[in-house]
Amino acid sequence: MRLPNRLQPARSVRRFTAGARSLAHDPKALAVLAALALVLVFYSGTAWTSATTFPVQVDVGGRDYFNLLTDAFLHGQADLLVEPSPQLRALDDPYDAAKNITANRLHDLSLYEDRYYLYWPPTPVLTLFLPGRVALLGGDLPERAAIVIYTFVGLLFALALLRYLVRRNLPGTPDWMLALAGLAIATANVAPYLLRRPTVYEVAISAGYCFVMAAAYFLLRGTLEEPGRWRRLLAGSVCLALAVGARATLVVAGALAVAALVYLLRRGQLPSWALRRRAALVLFGPVALAVVLLLAYNVVRFDDVTEFGLVYQLNDLDPYPPDFAHLVPSLYFYLLAPADIDLNFPYFHHPFPAEFPGPVPPGFNRETISGLLPNAPIVVLALVALPLMMRSALPQRRELAGVMLVATGVGALMVLVVVVPIYAATMRYSMDFTTLFLVPGLLAWMLLAQAAGNRHLGRLIAVSGAGLILYSVALGVALSFTGEKDGLRVGHPGFYERLERAASVLPVAATAVAGEPVITEATSPAGFVKDAGWLDVSVGELFVLQVGYEEPARLKIISPDRRDVLLRAVTRAPPRGADGVAIKNRKRPEISMLPVTNADVEARVTLERGLNYIELRPIDPPAPPKGKSPLITPVVTLENVRLARSDG
């Protein structure tokens with residue numbers, strides 16, 4: 001019998017209370033909740049300890065762009081309430097980067113008919129910033145809060161997707177494998193890297209990730225399960241529409257809806273034309289509506305249905321590639337480029353600019369990045385498992401193979417829409433596709449371990465896969481400390497140094513095995529050039545260090561014990577330059593000197609066990625040249641810098 005409406009809330013309360021009691025007596029469920037809470041703390045801590053390291057300002061008076069767009073929407077308009085500067089309006093060509101950079105431009109906003117617009121679509125405003133404005137009683141929702149919410153909710157859907165597939169198709173999977181797979185999705189999905197620089201760019205990317213993962217989960221369950229099918233398919237399609245409204249390139253995720261329709265047709269789940277029309281309307285209606293509204297939004301903003309504002313952006317980059325010469329380097333960066341492994345905390349670093357073993361087209365923007373396969377090598381197992389699964393006599397494995405194939409195919413489409421139209425390579429875009437490859441790789445690992453011909457082979461696959469996963473976890477956590485521009489060290493240098501010292505056991509042990517100290521880092525505002533490979537534990541055998549007028553150059557040296565060493569280099573200086581370089585270990589009171597001789601010289605430096613922070617300052621430098629910045633202009637150049645044993 002249907003209960004009266006006034007009794008419905010009471011029944012919901014009783015169900016919630018019963019569920020809470022059941023949860024309290026379920027150790028596994030409590031462990032999962034505790035793990036998710038730790039991930040949320042990790043995500044939040046990463047975002048809130050990040051300094052603003054973007055090279056130019058991307059806010060107006062401390063208010064970020066999406067909150068400014070929220071203001072505009074509340075006033076019933078698409079253009080921001082912020083007016084372009086008179087200097088910008090006075091330019092004959094306001095899109096000339098050499099001119100607008102000195103005319104108080106707002107970086108990366110689109111300027112059209114003397115009005116500012118965001119080129120980013122409006123999903124973040126509609127789903128978080130507007131509701132947040134109401135919930136906060138008129139206050140702004142911080143960008144970093146939005147990114148934490150989007151990444152964490154997206155993670156929940158990705159984990160739910162993995163758990164559903166494991167329970168349905170691989171019920172014999174041990175809990176430890178499922179837990180390790182969940183840890184991989186939480187840390188190797190690029191979210192920790194993204195959260196280290198929480199700005200407007202990361203808001204749009206994290207929103208797209210959130211809604212693509214939600215769409216994948218709802219569409220999968222709606223496709224494979226009869227009860228609640230139409231409700232889930234509609235929810236999945238709405239989430240696809242919101243993903244397109246976050247980043248227009250995610251329209252290729254509509255292939256998930258196409259795959260769902262094909263599956264339902266092939267399995268005879270839509271026997272009548274009425275059901276087929278209903279399925280098409282449910283699966284594609286919200287996405288089609290989102291595309292139409294987005295194109296109308298383009299007309300409102302730029303009087304052109306196909307213009308998203310890229311050609312009107314105020315920045316230093318070309319909006320579109322001049323040709324296709326960038327495709328091979330871009331594919332390499334997103335798929336194959338490795339992170340550097342060294343003894344400098346946190347032991348994984350991105351080379352900057354990103355390195356490619358060949359010519360890179362002029363103007364191609366290379367930011368810090370490492371590729372999918374080196375970051376998450378477990379994804380390769382999907383390529384091994386898929387042929388075996390598709391030929392399996394077990395319907396569960398064939399079904400799982402189809403799901404993995406769709407996920408991998410959609411991930412490949414997302415790689416293409418990042419590579420082909422974008423004349424740049426940056427790690428943050430990898431979040432679009434990484435999880436879509438990662439989930440099939442983890443499923444393949446579980447399957448191969450269970451389907452092995454004998455127990456020993458199964459254990460070998462399980463343990464080897466676990467090693468690959470732990471490597472990816474370590475890399476993901478390490479990149480959460482650095483991000484693109486070393487946001488933690490810039491914002492909290494003292495805390496970063498304490499972390500570095502606490503973790504110094506590993507590099508000290510490595511130098512003890514090597515039997516000699518190692519220069520693990522060299523930095524200078526005036527410039528530094530190194531020649532080190534991806535597995536060099538130091539900064540390289542030979543490098544050039546520039547010492548500027550104001551800020552010191554710095555070396556970080558790991559020593560296995562207390563000892564004296566010789567710091568050697570070829571010292572050069574411009575005419576009437578500095579007399580030499582003063583060298584001081586922060587742990588020691590003495591100061592040594594490298595004279596400027598245009599030849600190889602040496603200075604004795606005393607090292608303590610562990611981390612040694614060495615500062616190099618010019619001795620009696622002249623006034624910097626007129627028109628030159630004293631911060632970045634070198635006054636002494638040290639070439640072929642290296643350490644040598646001291647005989648004394």
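The values are calculated or read from the model by the stated rules, or taken from the named source; none is laboratory data. This one's a predicted model, so the numbers in the text were calculated from it and none came from an experiment. All Cβ positions, glycine included, derive from the backbone under ideal geometry; neighbour counts span all protein chains shown. Heavy atoms of the whole protein, side chains included, go into the accessibility calculation; ligands, DNA and RNA do not. Shrake-Rupley method; radii C 1.70, N 1.55, O 1.52, S 1.80 Å.
Carbon-plus-sulfur accessible fraction, segment 359-422 (probe radius 1.4 Å, protein heavy atoms only): 74%.
Here the Karplus curve 6.51 cos²θ - 1.76 cosθ + 1.60, taken at θ = phi - 60°, turns the phi angles of segment 561-573 into couplings of 7, 7, 6, 9, 10, 9, 8, 10, 6, 8, 9, 9, 8 Hz, with x standing for Gly and Pro.
Computed from the C-beta positions of ASP114 and ARG276 and an R0 of 35 Å, the FRET efficiency is 0.10 to the nearest 0.05. Its Cα centre serving as origin, segment 195-277 has a Cβ charge dipole (Lys and Arg +1, Asp and Glu -1) of approximately 120 debye. Working from label points 7 Å from Cα in the Cα-to-Cβ sense, the SER629 to ALA78 distance is 3.7 nm. For the pair ASP93 and VAL292, label points projected 7 Å from Cα toward Cβ lie 4.1 nm apart.
Dividing the C-alpha radius of gyration of segment 218-371 by 2.2 N^0.38 Å, with N its residue count, gives 1.44. Taking the average, over residues, of other Cβ atoms within 10 Å as the packing measure, peptides 180-193, 590-603 rank 180-193, 590-603 from highest down.
Taken as Cα centroids, segment 575-631 and segment 185-206 sit 39 Å apart, rounded to the nearest whole angstrom.
Per residue, segment 282-426 exposes 44 Å² of accessible surface when a 1.4 Å probe is rolled over the protein heavy atoms with every protein chain present. In this structure PHE284 has an accessible area near 70 Å², from a 1.4 Å probe over the protein heavy atoms.
Where in segment 545-566 is the amide nitrogen less than 19 Å from a point lying 7 Å along the Cα-to-Cβ axis of ASP579? Of the residues in segment 545-566, 547-550 have backbone N under 19 Å from the label point off ASP579. Evaluated at q = 0.14 Å⁻¹, a Debye calculation over the C-alpha positions of segment 575-648 (equal weights, vacuum) places log10 I(q)/I(0) at -0.53. Mean sequence separation of contacting Cα pairs (under 8 Å, at least six apart), scaled by the length of segment 340-447, corresponds to a relative contact order of 32 percent. Roughly how many whole Å is it from the C-alpha centroid of segment 411-426 to that of segment 350-379? A separation of 13 Å, based on Cα centres. Here the gap between PHE324 and VAL311, fully extended at 0.36 nm per residue and compared with their Cα-Cα distance, gives a gain of 2.8 nm. Residues whose amide H falls under 5 Å from that of TYR119, counting only those 5 or more places apart or on a different chain, are SER110, with hydrogens built in the peptide plane.
Mind running the shape call on segment 358-502? Use the C-alpha gyration tensor, a ≥ b ≥ c as the square roots of the eigenvalues: rounded below 1.5 for a/c, prolate if a/b tops b/c, oblate otherwise. Oblate is the answer for segment 358-502, as a/c is 1.5 or above yet b/c matches or exceeds a/b. Close amide H pairs (under 5 Å, H built 1.01 Å from N) link ALA339 with GLY371, residues at least 5 positions away or on another chain. Each of THR523 and ARG267 was given a label point 7 Å from its Cα along the Cα-to-Cβ line. The distance between the two points is 5.4 nm.
Sorted largest first by accessible area at a 1.4 angstrom probe radius, with every protein chain in place, the residues TRP120, TRP273 fall in the order TRP273, TRP120.
Between the Cα long axis of helix 229-246 and the first principal axis of the chain there is an angle of about 30°, rounded to the nearest 10.
Based on the Cβ-Cβ distance from LEU388 to ARG167, what FRET efficiency comes out when R0 is 25 Å, to the nearest 0.05?
Plugging the Cβ-Cβ distance into 1/(1 + (r/R0)^6) gives 0.70.
Built from the Cα atoms of segment 219-274, the convex hull projects on average onto 3.9 nm², one quarter of its surface area. Taking 0.36 nm per residue of sequence separation and removing the Cα-Cα distance, the THR52/LEU336 pair yields an extension gain of 99.3 nm.
Take every Cα pair under 8 Å in the chain that's 6+ residues apart, average their separations, divide by the length, and report that relative contact order as a whole percent. Relative contact order of the chain: 13 percent. Computed from point charges on the beta carbon alone (+1 for Lys and Arg, -1 for Asp and Glu), the dipole magnitude for the chain about its Cα centre is near 3360 Debye. Dividing the summed -39500 (n - 2.57) terms of all DSSP H runs of n ≥ 4 by the residue count of the chain sets its mean residue ellipticity at 222 nm at -15500 deg cm²/dmol. Legend: calculated FRET efficiency, LEU506 to ASP561, from the Cβ-Cβ distance at R0 = 22 Å, rounded to 0.05, equals 0.85. Length gained on full extension, VAL513 to GLU497, computed as 0.36 nm times the residue gap minus the Cα-Cα distance: 3.4 nm.
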